[in-house]
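Each reported figure results from applying straightforward, stated rules to the coordinates on display, with no laboratory input. Since the structure is predicted, the reported quantities are computational estimates derived from the model, not experimental observations. Cβ placement follows ideal geometry from the backbone for every residue including glycine, while neighbour counts extend to all protein chains displayed.
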Amino acid sequence: MDALGMILLTIPIFYPVAIAIGYDPIWFGVVIVLVTELGVITPPVGINVYVVSGIAKDVPLEVIFKGAVPFVLALSAYLVIMLIFPQIALYLPSFVAY
């Protein structure tokens with residue numbers, strides 16, 4: 001499943017719950033994008049990895065998944081930081097006048 005499909009299936013269910021709990025909608029959107037990015041590069045679904053494998057036919061799939069590991073670690077670390085310090089996602093939007 002691609003990223004748009006994941007977002008379209010999950011947002012109508014989880015957005016009202018997140019707002020009812022008291023989460024900021026902008027922060028929730030950033031977290032959803034991060035989790036979706038993680039979902040498209042991690043096995044077994046990793047659709048982006050399979051696309052790269054289809055383009056680079058001479059490179060084994062295992063090598064491509066190993067190449068995605070640093071990105072998975074970086075996104076995971078950023079997601080943990082975002083969960084601990086939600087102000088990071090809300091810093092720039094705080095300058096926008098409503």
**Message:** Whether any residue in region 15-30 is β-branched (Val, Ile, Thr) and in contact (Cβ under 8 Å) with a residue 60 or more places away in the chain is what I want to check.
**Reply:** yes
Wholly inside the chain, helices (runs of 4 or more DSSP H) that include 2 or more residues that are within 12 Å of the chain's Cα centre (by Cα) are 3-21, 25-41, 61-84
ask   = Just to be sure, is LEU75 more than 23 Å from SER94 (Cβ to Cβ), in contact with a Leu (Cβ under 7 Å, 6 or more places away or on another chain) and of a type outside the set (Asp, Glu)?
value = yes
